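Okay, structure first, notes after.
Derivation of every value follows stated rules applied to the coordinates shown; laboratory data play no part. No experiment lies behind these values; they were computed from the predicted model shown. Glycine gets a Cβ as well: all are built from the backbone with ideal geometry, and neighbour counts include every protein chain shown.
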Amino acid sequence: MHPAATTEHAGTPALLAEGISKAFISGQQRTQVLDNLSLSLDAGELTLISGPSGCGKSTLLAILSGLQKVDSGHVRALGSELGQLDMRALERFRLQHTGFVFQGFNLFPALSAFEQVELPLNHMGLSRNEARRRAQQSLEEVGLAHRMRLRPSELSGGEKQRVAIARALAKEPELLFADEPTSALDAANGQMIIDILHRIARTHGTTVLCVSHDPRLVVHADRVLAMEDGRILSDRRPPAPTAPDQGIPS
Amino acid sequence: MVALARKTLIYEWRRFLPAMLAVGFAGLLQLLQIALVLGIFGSTSLYITGSSADVWVGYPGTQSVGSGRTIDADVESRILMDPAVLRVEPYIWDDGDWRGPAETGGVSVFVSGIDPSANGLMFSKALPADLRARLAEPDAVVVDRSALDQLGVDIGQTATINGHQVRVVGISSGLRALGGVNVLCSLDTARQLNDDPTDSGPTYLVAKLRNPAQAAAVAVRLRGSTAFGPYTTWSAKDFAKISVRYWLFDTGAGAGVLFLAGIVFLVGAVITSQTLIAAVNGSMREYATLNALGVGVGALRRVVLEQAFWVGALGLLGAGLLGIVLMLLARSQDVPVVLNVPAALGCIILVMGLAAVSGLAAMRSMRRADPATLLR
C-alpha cells in the first residue's frame, strides 16, 4: 500500500467543491437539496458529514464521488474536473481512484468474501496474482483472513460490512466514500468499522468521506461538517484526536 | 476472473429455474413439432425415399406422388434408350376403396402396384425381400402394421378393393401414409384393381442409373420428347422435395406449423425474459455497487447475457434429453417422427435465439442499476 503522502501535494486538496447547487423536481415541487455549497477535503483525513435526514448529505456524497451531476458549480477530485467527464470517463475515474462503502452491504450472495473483494480488481486490469494478493491483504487488514472462504449468508452483519470495506480498500483508492456505514450494526461492530475507516485514512493516506448521523463516529473523525438544508452549518475539528484505535465511544 | 454469472446461476438456481423451464419447454415443443412435421410430411415422399430409383418419370406438372396421372407405357422404351439407364420399371399409384372383413365401413387406400421381382426398385428400402416375393402371388397385398385396425384385417384374411378380392399376405412397417392407407401389391394385381379402362398406362416409370450421381443431368436429358405423349422427368431427390413442399406449403399445413412455431417462440421469450429480469432485479443493488466501484455497465450487461446463455444452454440440454425420450416413445408407437441435422440445428438456433432475446430484455433493466440510488 502506498504511503500517506501520495496525494498530499502542497496545499492542493484531494477533493474540492465550489459553489455547488442541486435541486430535485418532482411534479410541480422543486426541492433545493444543495445550495451554493463549497468544500475542500485534504488527503489522509477522515471527514464526517452529519446532519438530520433530508439535509442533503447523501446527495453531497453522490456528487463528490462522481455518481451525480451538479446543477451549477464544479467539483475537482484529484485534479480532475468531474463535471467535464462523460459516463465512461466517470466510471474509469471511479475504477481507478474511488472506493465505496454503503449502508446495505450489497454483497453478491453467490460469492465468497474473497471473491467479493477480487471481483472489482479483475476489472482494473490487474494480473490474476496481483488481484488475489490484494484481496488477501485487504481481508487480512479488516481482520477476516480466517473467514474469507465464507459466503455472505455465513457472515455476521459486522463481518459483511468489513468485507464491503475490504472490497473498497483492495482497489487502493485515494478517495473512500462511506454512506451510513454503521447504522445497520450494533455498538461493538459499529466501533470496529469506525476504527478500520480511521486507520485506512491514517495508514494509506486515503481521503475518507463518511456520511453519518451516528454520534459514535464524531470522536473518531479528524473533521466534522454539520449540514442542514443544503448548507454546511459548522466545520470543526474535534479537539482530542483519538490516538489509538481502541478509543472508547462517547 | 471471478465467474459471477455462473456462480450466481448455480447458487441461486431456484431463481433461474423458471427461465430454464420456459426455455426448455419452448425448445421441446419446437423440437417435437419439427420432428412430427418431418415425420408426417416426410411420409408423403416415402414412395421416393423408400425406393432405390434415381430418376422418376411422370405426368407433367405433377405436384406430389399421390396426384400423378397415367403416362403412355411406351415411354419406357424411350427411357431405356438412354445409355445411362440401367433398369426401368413401371409404378402404378391408384386410389382404392377398401372393404375389410371387420366392420370398418369403406376405407380410402392408396394402392401401389410395384414390380415384385427381387431386384425391383420400388420400396426396395422399405419392404423386406420375403414380403416382396409374396406379392407375386395373384391378388396378394401387403399392408402396414399401423393400419391393421383401420383396415379391420389381419394376415391371411381377405378383403376387397374396388370390388376385387385381395388377400393380405404380409404386414410391413414404416409405410404409414398421410390421409389414407398404403396397400402394396404387384403391378398385375394393381391393373386388376383399376376399374377405369381409360387408365391403362403406369402412373410413373422409375429408373435406376449406372451412376446415381448423374440423376439430375439424366433427368434433364430425358425430358422434352413428346413422341409418346406428355411426360416429364425428375431426379428422385427433386421429386421428393416437390412432394414434401406441396404438402407443407400448398396445403396450409406448413403455414400452420410456422405460425405455431412463432407463437411458441413468443410465449417462451416473454416468460424467459420476465423471469430473467426478476433474477437480475434481485441483484440490482450489488450490480449498482460494482458500478459505483467503477465496473462498467457494459461489463455488467455481459454478466446478464452470459446468464441468459447458460439458461438457454441448460434449457436446451433438458429439452434435448426429454425430446429423445419422447421421440423413442413415439417411434415405439408407430408415430412418425423424424429429426435430421438441419432441423436439430434450427431448433438449437431458435432456442438460443430465444435466450438471447430474453437476455437483451433483461439487460435493458440494467439501466436501473444506478449507484446514486444506493445513497438514500
- Item | Dipole magnitude of the protein assembly as shown about its Cα centre (Cβ charges: Lys, Arg +1; Asp, Glu -1), debye to nearest 20 | 1500
- Message: Out of all DSSP beta bridges in the protein assembly as shown, what portion is antiparallel? Express it as a percent rounded to 5.
- Response: 65
- At a Förster distance of 41 Å, what's the computed FRET efficiency of B:SER67 paired with B:ALA313, Cβ-Cβ distance as r, to 0.05? 0.40
- Message: Could you tell me the center-to-center distance, by alpha carbons, between segment B:60-135 and segment B:24-49 in angstrom?
- Response: 25
- Sorted from fewest to most neighbouring beta carbons within 10 Å, what does the list B:VAL267, A:VAL208, A:VAL70, B:VAL75 look like? B:VAL267, A:VAL70, B:VAL75, A:VAL208
- Message: What are the membrane-span-like helices in chain B by this rule: whole DSSP H runs, Cα extent along the axis at least 20 Å, mean Kyte-Doolittle hydropathy at least -1.0?
- Response: B:13-42, B:253-282, B:297-332, B:341-364
- In nm, to one decimal, how far is the modelled label at A:ARG88 from the one at B:VAL341, with both set 7 Å along Cα→Cβ? 4.2
- Task: Could you pull the Rg and Dmax for the protein assembly as shown, using just the Cα atoms, both in Å?
- Result: 40.0, 122
- Query: Working from the pairwise distances between different alpha carbons, so that the mean of 1/r is found and then inverted, what is segment B:46-242's Kirkwood radius in Å?
  - Reply: 16.9
- Query: Which of the residue pairs A:LYS171/B:LYS7; B:LYS208/B:LYS241; A:LYS22/A:LYS171; A:LYS22/A:LYS160; A:LYS57/B:LYS7 have a Cα-Cα distance greater than 25 Å in the structure shown?
  - Reply: A:LYS22/A:LYS171; A:LYS22/A:LYS160; A:LYS57/B:LYS7
- With runs of 4+ DSSP H residues as the only contributors, calculate the mean residue ellipticity of chain B at 222 nm using -39,500 (n - 2.57) per run, divided by the residue total and rounded to the nearest 500. -15500 deg cm²/dmol
- Going fewest to most other Cβ atoms within 10 Å around each Cβ, A:ASP222, A:ASP86 line up as A:ASP86, A:ASP222
- Item | Residue-span extension gain [B:HIS164 to B:LEU326] - 0.36 nm each, minus C-alpha spacing | 54.2 nm
- Message: Suppose every Lys and Arg Cβ carries +1 and every Asp and Glu Cβ carries -1, with no other charges. What dipole size does segment B:46-242 come out with about its Cα centre, to the nearest 20 debye?
- Response: 800
- Message: Can you show me the helix-derived [θ] at 222 nm for chain A, built from DSSP H runs with n ≥ 4 at -39,500 (n - 2.57) apiece and divided by the number of residues, rounded to the nearest 500.
- Response: -9500 deg cm²/dmol
- Item | Shielding score for A:109-117, defined as the mean number of other chain Cβ atoms within 10 Å | 5
- Message: Between segment B:234-275 and segment A:115-132, what is the separation of their alpha carbon centroids in Å?
- Response: 49
- Query: Exactly which trypsin sites (Lys or Arg not before Pro) in segment A:128-173 are in a DSSP loop and have at most 10 other Cβ atoms within 10 Å?
  - Reply: A:ARG149
- Message: Report the Cα centroid-to-centroid distance between segment A:35-105 and segment B:200-233 in angstrom, as an integer.
- Response: 84
- Query: For chain B, what log10 I(q)/I(0) values come out of the Debye formula at q = 0.07, 0.10, 0.11, 0.15 1/Å, with one point per alpha carbon and no solvent?
  - Reply: -0.47, -0.74, -0.81, -1.20
- Normalised by the number of residues in chain A, what is the relative contact order in percent for Cα pairs under 8 Å and 6+ residues apart? 28
- Rounded to the nearest 5, the percent of DSSP beta bridges in chain B running antiparallel is 75
- Ranked from fewest to most other Cβ atoms within 10 Å of their own Cβ, B:SER112, B:SER235 fall in the order B:SER235, B:SER112
